[in-house]
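Everything below concerns the one structure shown next.
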Amino acid sequence: MTKNKSSVDKNLQNVVKDLDQTAVNSHHAQQLQQQTNDRRHQDALNHDEPMQTPEATLSNKATN
């Protein structure tokens, strides 16, 4: 992974960039909101879930 060499938080830069955009009309506002939702969803997909042991997986299946 590349390291961020500057002291500025990249996530905060993206938030500021999003807040600086002004929607022209309701359709554009909806598109901007959808872009934010898509990024948030993709971020959630990219996070790893904690590893489960095989015993925990078996016990979860047995209780369901």
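The values are calculated or read from the model by the stated rules, or taken from the named source; none is laboratory data. Quantities reported herein were computed from a predicted structural model and do not represent experimental measurements. Here the Cβ is made from the backbone with ideal geometry for all residues, glycine too, and neighbour counts use every protein chain on show. Note: accessible area is taken over every heavy atom of the protein model, side chains too, but ligands, DNA and RNA are not part of it. Shrake-Rupley method; radii C 1.70, N 1.55, O 1.52, S 1.80 Å.
If we scan region 32-53, do we find a residue that is at pLDDT 85 or above, of a type in the set (Lys, Arg) and either open to solvent by 100 Å² or more (accessible area, probe 1.4 Å) or on the phi > 0 side of the Ramachandran plot (or both)? Scanning region 32-53, I find at least one residue that is at pLDDT 85 or above, of a type in the set (Lys, Arg) and either open to solvent by 100 Å² or more (accessible area, probe 1.4 Å) or on the phi > 0 side of the Ramachandran plot (or both), so the answer is yes. Contact annotation: no residue pair with Cβ atoms under 6 Å, 6 or more positions apart or on different chains, pairs a residue in region 35-48 that is under 15 Å from residue 19 (Cα atoms) with a partner that is among the hydrophobic types (A, V, I, L, M, F, W, C) and open to solvent by less than 80 Å² (accessible area, probe 1.4 Å).
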